[in-house]
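Okay, so here's the structure we're looking at.
The values are calculated or read from the model by the stated rules, or taken from the named source; none is laboratory data. For clarity, every value in this text was computed on a predicted model and none was experimentally measured. Glycine also receives a Cβ, built like all others from the backbone with ideal geometry; neighbour counts cover every protein chain displayed. Just the protein is used for accessible areas: all its heavy atoms, side chains included, with ligands, DNA and RNA removed. Shrake-Rupley method; radii C 1.70, N 1.55, O 1.52, S 1.80 Å.
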Amino acid sequence: MSAGGDTTRVLDAFASAFGGTPDGVWQAPGRVNLIGEHTDYNEGFALPFAIGLAARVAVRVRADRAVRLVSTHGGGLIELDLDSLSPGTATGWAVYPGGVAWALACDGADVPGFDLALESTVPVGSGLSSSHAIECAVATGLAELTGASFGVHDLVRVTQRAENSFVGAPTGILDQSASLRGAAGHAVFLDCRDQSVELVPFDAAGAGLSVLVVDTTVSHSHAEGGYASRRRACELGAEVLGVEALRDVSSADLAEAQGLLDPLTFRRVRHVVTEDERVLATVETLRAAGPSGIGPLLDASHASMRDDFEISCPELDLAVETTRAAGALGARMTGGGFGGSAIALIPVDAETGVREAVLAGFARAGFRTPDLFTVSPSNGAHRLI
Ligand code: GLA
């Protein structure tokens, strides 16, 4: 699967729904998170990269206050009214462009009515940020069309507001930061306290490796309870420990923290604290030795999510176990959890065997056939036309 820069499909969809050509076409990618899960809303560290799968939107400004939306994935024409746009007024995929238009207006942008056609190659519900890919493409396009001087920090805030308040998912800034700030050949080392970013070279191919995604096709939604309850446990942990955020706790503090927290909250806290440290260790290892040294950190991250944060599921665990047994250097679930995808770092010459092992393992377990594909770091959101 590859997104490329081909705009034919989205332009055709635009022309057949609205006639003529759009004012522009913008693209924003999905992401995998190499490591650093559920650290973003704890003001910690994460290391995602933007992938080649992406959402593309063709947009043309209208003279009135209507928003008209079509997708190459079907569902017909959706109409929204900008003036009555508020949380709860849109459903389906319209919550993403609707939410971004609403959030831009909340931020003072003079958003005009618009016609928009969407095409996306990011599989929905795969844990690869299909929703943020749409939001970032729309936000980048609309910000430009409104002439608002929104920088990347503003677009991170706008898309987070859209997601939190309009879509109703209490997520952090990981996904949009990767989608907006990704760069080919690099992972995005993100400090979620001040939103600063360092691009860290991640050349898996150069090291004879590839990153295989195992999309379990177990669908999840972060607007449901599991994500929010993990977030609440982290907030409770920070409050009891008397810190602004769990970012301020280190593994040296954990023995003392254990005496102060109930056992469940302690495990949630331990995941976040150790995960932050694993991100820093991964960045150091990448800089010193390249991708081949990070396998054990990926494995430890998965174990922590499975055992302490309890956000894995049998399909994700099986994906990790079978890829490891078939020769992966390391593997972990990626994204918010409760379904979605795992990633495995594998020697290129072991790829065929790993793929076969995963397919056979899933069939034996009676699980749905997973989708398997490789990803590499790609550029963030940008204008195509
Ligand atoms: C989802 C959220 C992110 C982040 C991850 C977990 O992808 O959108 O903000 O919290 O889960 O790391």
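Summary of computed values
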| item | result |
| --- | --- |
| Hey, L297 more than 19 Å from the chain's Cα centre (by Cα), within 16 Å of D371 (Cα to Cα) and of a type outside the set (S, T, N, Q) or not | no |
| Region 70-80 - residue that is of a type outside the set (V, I, T) and touching a Gly at 6+ places or on another chain (Cβ under 8 Å) and, of those, nearest to D110 (Cα to Cα) | L80 |
| From L246, L236, residue being at pLDDT 95 or above and within 14 Å of D40 (Cα to Cα) | L246 |
| Residue count for region 6-56, restricted to those that are among the polar types (S, T, N, Q) and either crowded, with 24+ Cβ neighbours inside 10 Å or in contact with a Cys (Cβ under 8 Å, 6 or more places away or on another chain) (or both) | 4 |
| Residues being surrounded by 15 or more Cβ atoms within 10 Å (Cβ to Cβ) and without any contact (Cβ under 8 Å) to a residue 12 or more places away in the chain - total across region 220-234 | 0 |
| Residue within region 57-69 that is surrounded by fewer than 17 Cβ atoms within 10 Å (Cβ to Cβ), small (G, A, S) and either modelled with pLDDT under 95 or within 16 Å of the ligand (Cβ to nearest atom) (or both) present | no |
| Hits in region 121-153 (condition: outside any loop (DSSP other than H, G, I, E, B) and among the polar types (S, T, N, Q)) | S130, S131, T140, T146 |
| Residue selected from region 108-120 under the condition open to solvent by 10 Å² or more (accessible area, probe 1.4 Å) and in a strand (DSSP E or B), by the criterion farthest from A54 (Cα to Cα) | E119 |
| Of all residues in region 70-92 being in a helix (DSSP H, G or I) and more than 25 Å from P170 (Cβ to Cβ), the one that is least open to solvent (accessible area, probe 1.4 Å) | L82 |
| Inter-residue pairs, beta-carbon under 6 Å, first modelled with pLDDT under 95 and in region 186-208, second crowded, with 19+ Cβ neighbours inside 10 Å, 6+ apart | none |
| Sole residue being hydrophobic (A, V, I, L, M, F, W, C) and buried (at least 18 other Cβ atoms within 10 Å of the Cβ), chosen from A184, A105, A169 | A169 |
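Residues checked against (1) within 14 Å of the ligand (Cβ to nearest atom); (2) within 29 Å of T323 (Cα to Cα):
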{"site": "V111", "(1), (2)": "no, no"}
{"site": "A139", "(1), (2)": "no, no"}
{"site": "S149", "(1), (2)": "no, no"}
{"site": "A169", "(1), (2)": "yes, no"}
{"site": "L174", "(1), (2)": "yes, yes"}
{"site": "A178", "(1), (2)": "yes, yes"}
{"site": "V197", "(1), (2)": "no, no"}
{"site": "D203", "(1), (2)": "no, yes"}
{"site": "L209", "(1), (2)": "no, yes"}
